[in-house]
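The block underneath contains the structure these notes are about, expressed in structure tokens.
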Amino acid sequence: MASITTGGNTTAGDSVAQSLTSVFGVGVARELAIGAASTNIALTPTCRFISIATRAGTHVHYAIGVGAQTASTATHYLLANERLTLAVPPNAQIAVIQGSASGTLHISELTQ
């Protein structure tokens with residue numbers, strides 16, 4: 001059983017038997033340099049969903065949370081040329097660090 005809460009409404013269902021589709025609008029676009037040291041950026045305080053993708057040519061590691069974040073090889077993993085859509089907490093910040101090559105993390109803040 002899976003559930004998702006958006007706008008104060010919770011929807012629950014079997015992820016195999018029932019699909020759940022949300023339509024998002026595009027909000028603020030951000031770019032974050034990917035390098036050997038972790039870099040951090042604050043999202044719009046009211047942002048609740050983001051889409052992230054990389055042009056690094058290699059995987060990257062990222063961390064999302066409230067307050068300044070630090071990415072490391074122990075944090076979440078994003079494959080090269082992969083795009084993820086994620087829920088984020090209010091006042092979120094995101095940090096990124098390279099896998100083996102530098103590049104750019106593209107962040108699209110999404111609106112409902």
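The values are calculated or read from the model by the stated rules, or taken from the named source; none is laboratory data. On a predicted model such as this, the values are computed, not experimentally measured, just so you know. Positions of Cβ are generated from backbone atoms using ideal geometry, with glycine treated the same way; all protein chains shown enter the neighbour counts.
Condition check for Thr11 on (1) at pLDDT below 90; (2) of a type outside the set (Phe, Trp, Tyr); (3) crowded, with 16+ Cβ neighbours inside 10 Å: one failure, at (3). The residue that is farthest from Gly35 (Cα to Cα), counting only those in region 90-109 that are over 13 Å from the mean Cα position of the chain (by Cα) and among the hydrophobic types (A, V, I, L, M, F, W, C), is Ala101.
Among the listed residues Thr46, Thr58, which satisfies the condition of being touching a Gly at 6+ places or on another chain (Cβ under 6 Å), β-branched (Val, Ile, Thr) and assigned to a loop (DSSP other than H, G, I, E, B)? Thr58 is the lone residue from the list that is touching a Gly at 6+ places or on another chain (Cβ under 6 Å), β-branched (Val, Ile, Thr) and assigned to a loop (DSSP other than H, G, I, E, B). Might you let me know whether region 96-105 holds any residue that is at pLDDT below 95, among the small types (Gly, Ala, Ser) and exposed (fewer than 13 other Cβ atoms within 10 Å of the Cβ)? The answer is yes, given that some residue of region 96-105 is at pLDDT below 95, among the small types (Gly, Ala, Ser) and exposed (fewer than 13 other Cβ atoms within 10 Å of the Cβ).
Whether a residue is of a type in the set (S, T, N, Q) and surrounded by 14 or more Cβ atoms within 10 Å (Cβ to Cβ) was assessed, and Thr85 does not pass this test.
If you go through region 66-75 and keep only what is surrounded by 15 or more Cβ atoms within 10 Å (Cβ to Cβ) and not small (Gly, Ala, Ser), you end up with Gln69, Thr75.
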